[in-house]
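First comes the structure, then the notes that go with it.
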Amino acid sequence: MSDSATDSSSTDSQNTDSRSTDSSDLPRVNEGGDIPFTHIPVLSKELIEGVVSRPAGVYLDATVGGGGHSELILAAAPESCLVAIDQDEQAIAAAQIQLAKHQERVRFWHGNFVDYDPGGLQFDGIVADLGVSSAQFDIPNRGFSFRHEAPLDMRMNQQQSLTAAEVINHWDEAKLAEIFYVYGEERLSRRIARRIVERRPLKTTTELAETIFYCVPKSYRYARIHPATRVFQALRIAVNQELAVLEKFLHLSPLWLKPGGRIGVISFHSLEDRLVKHTFRESELLQVLTKKPIVPQEEEMQQNVRSRSAKLRLAERLV
Ligand SMILES: C[S@@+](CC[C@H](N)C(=O)[O-])C[C@H]1O[C@@H](n2cnc3c(N)ncnc32)[C@H](O)[C@@H]1O
């Protein structure tokens, strides 16, 4: 269970981060200060070129994470200001350190991007880089990964009450099978849900991963990806209601743009990308700028495995 390569998914390579950054000068996220908050931003050049056009503009980063994209926006538009949102307190803390030198130009907002109220503010550009950060995935006690033994948590917002443990131990079998099938595209969803219900309560990430491992056929156990990968993706999406909030955000955010303002959304699996594609296309406020999604160059994919499944879509507000 220790091989990071087994923790990858063809549908979501957010689980396969490469960490080539020197971590000595990165923000720390735990009280003891020994876990660095590492996240390499993906499709950065393409996102900034696509969204940032006014040097003194007002920008919104709806998913600030470690602050990588925000920092590039502030550098590309030297007289701009930026609202930085994240629902994860650890991410906000890390981004505050990362963006400290621009502090007069940045306003942080902790919460879910669908609950943000811009008031009278309108933006020249909005970016959203969806899903989990490498840091969330790598910090063992967040419970996103079966590489580490940890409580089943998976909350991006630590103030939320619903955890992965609640879903695994209290949702009924049919509902579990449904989320594994729909959010994880897991074809053995029913079999896995049945075994989980037989074996619960399950307390840790590794208990869950082992339960899944031993209930699937041998051929499946030793396939390219670990058999628990899709279930972990599905659980994360369910715990954080990722698709429901994304859909709302895609309807709200065009209203927050100035005419001529641009939005760029980076997604990591087909369920998200489909939503972005259709909502942009159907919006009366937006003109789609990317008929096909922008994907990383070969070089970026080699340097950062996590970028492999990233897709960027851009649109511009018409009126
Ligand atoms: C892929 S990371 C963003 C990384 C960032 N672009 C950077 O360069 O460091 C995604 C971040 O979005 C946050 N996030 C995901 N969904 C969110 C939501 N609905 N509302 C607010 N933050 C969200 C996560 O907590 C995570 O920190």
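The values are calculated or read from the model by the stated rules, or taken from the named source; none is laboratory data. This structure is a prediction, so every number in the text was calculated from the model and none was measured. Virtual Cβ from ideal backbone geometry, glycine too; neighbours counted across all protein chains shown. Ligands, DNA and RNA are stripped out before the accessible areas are found, and what is left, the full protein with its side chains, is counted by its heavy atoms. Shrake-Rupley method; radii C 1.70, N 1.55, O 1.52, S 1.80 Å.
Cβ separations smaller than 8 Å between residues 6+ apart or across chains give the following pairs from region 101-117 residues that are aromatic (F, W, Y) to residues that are open to solvent by less than 50 Å² (accessible area, probe 1.4 Å) and assigned to a loop (DSSP other than H, G, I, E, B): F108/V64; W109/Y116; F113/A62; F113/T63; F113/Q87; Y116/A62.
Give region 128-159 a look and list any residue that's within 11 Å of the ligand (Cβ to nearest atom) and polar (S, T, N, Q), or say none. S133, S134, Q136, N157, Q158, listed by residue number.
Could you tell me how many of the residues in region 161-189 are open to solvent by 50 Å² or more (accessible area, probe 1.4 Å) and at negative phi? Total meeting the criteria: 13. Checked across region 57-72, the condition of being modelled with pLDDT of 95 or more, open to solvent by 40 Å² or more (accessible area, probe 1.4 Å), under 25 Å from F280 (Cβ atoms) and away from the ligand (no atom under 12 Å from the Cβ) holds for no residue.
Quick check: is even one residue across region 139-151 assigned to a loop (DSSP other than H, G, I, E, B), at negative phi and aliphatic (A, V, I, L, M)?
The initial filter retains those residues of region 139-151 that are assigned to a loop (DSSP other than H, G, I, E, B), namely 139, 143-150.
From what is left, the residues that are at negative phi are 139, 144-150.
Keeping just the survivors that are aliphatic (A, V, I, L, M) gives 139, 150.
Checking region 139-151: at least one residue is assigned to a loop (DSSP other than H, G, I, E, B), at negative phi and aliphatic (A, V, I, L, M).
Scanning region 190-206 for residues being open to solvent by less than 10 Å² (accessible area, probe 1.4 Å) and closer than 19 Å to Y220 by Cβ gives a total of 3.
Does region 242-258 include one or more residues that are of a type in the set (A, V, I, L, M) and touching a strand residue (DSSP E or B) at 6+ places or on another chain (Cβ under 6 Å)? Steps first, answer last, please.
Of region 242-258, the ones of a type in the set (A, V, I, L, M) are 243-246, 250, 252, 255, 257.
Cutting the leftovers down to touching a strand residue (DSSP E or B) at 6+ places or on another chain (Cβ under 6 Å) gives us 257.
Yes.
Are any residues in region 107-166 within 15 Å of L60 (Cβ to Cβ), among the charged types (D, E, K, R) and more than 15 Å from the chain's Cα centre (by Cα), and if so, which ones? Show your work before the answer.
Quick first cut of region 107-166, residues within 15 Å of L60 (Cβ to Cβ) only: 107-130.
After this cut, where a residue has to be among the charged types (D, E, K, R) as well, the list is 107, 115, 117, 124, 129.
Residues satisfying the conditions are R107, D115, D117, D124.
Taking the options V127, V83, name whichever one is closer than 24 Å to I48 by Cα, crowded, with 20+ Cβ neighbours inside 10 Å and in contact with a Phe, Trp or Tyr (Cβ under 7 Å, 6 or more places away or on another chain). Quick ask: steps written out before the conclusion?
Numbers: V127 fails: in contact with a Phe, Trp or Tyr (Cβ under 7 Å, 6 or more places away or on another chain).
Result: V83 is the single residue among V127, V83 that is closer than 24 Å to I48 by Cα, crowded, with 20+ Cβ neighbours inside 10 Å and in contact with a Phe, Trp or Tyr (Cβ under 7 Å, 6 or more places away or on another chain).
Where residues in region 279-299 are surrounded by 19 or more Cβ atoms within 10 Å (Cβ to Cβ) and over 23 Å from L82 (Cβ atoms), which of them is nearest to the chain's Cα centre (by Cα)? Among those residues, the one meeting the criterion is P296.
Conditions (1) assigned to a strand (DSSP E or B); (2) hydroxyl-bearing (S, T, Y); (3) at pLDDT below 95, marked per residue:
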site	(1), (2), (3)
S253	no, yes, no
K258	yes, no, no
R262	yes, no, no
I266	yes, no, no
E272	no, no, no
F280	no, no, no
K292	no, no, no
R308	no, no, yes
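With respect to the conditions (1) modelled with pLDDT of 95 or more; (2) open to solvent by 10 Å² or more (accessible area, probe 1.4 Å); (3) over 24 Å from A165 (Cβ atoms), V276 lacks only one, and its number is (2).
The number of residues in region 156-176 that are within 10 Å of A234 (Cβ to Cβ) and without any contact (Cβ under 8 Å) to a residue 24 or more places away in the chain comes to 1. Determine whether R107 is under 30 Å from E207 (Cα atoms) and either away from the ligand (no atom under 11 Å from the Cβ) or not in a helix (DSSP H, G or I) (or both). Here the answer is no, as R107 does not meet what is asked.
Looking only at region 260-270, filter to residues that are of a type outside the set (S, T, Y) and buried (at least 20 other Cβ atoms within 10 Å of the Cβ); which one of those is farthest from Y183 (Cα to Cα)? I'd like the intermediate steps shown before the answer.
In the first step, residues of region 260-270 are kept if they are of a type outside the set (S, T, Y); the result is 260-266, 268-269.
Cutting the leftovers down to buried (at least 20 other Cβ atoms within 10 Å of the Cβ) gives us 261-266, 268-269.
Details: G261: 32, R262: 29, I263: 25, G264: 23, V265: 19, I266: 18, F268: 13, H269: 10 Å.
Step by step, filter region 260-270, then rank; the result is G261.
Among the candidates V114, V42, the residue that is crowded, with 22+ Cβ neighbours inside 10 Å, of a type outside the set (S, T, N, Q) and at pLDDT 95 or above is uniquely V42. Applying the set (1) within 13 Å of the ligand (Cβ to nearest atom); (2) open to solvent by 20 Å² or more (accessible area, probe 1.4 Å); (3) out of contact with any Leu (no Cβ under 7 Å at 6 or more places or on another chain) to K101 leaves exactly one unmet item: (1).
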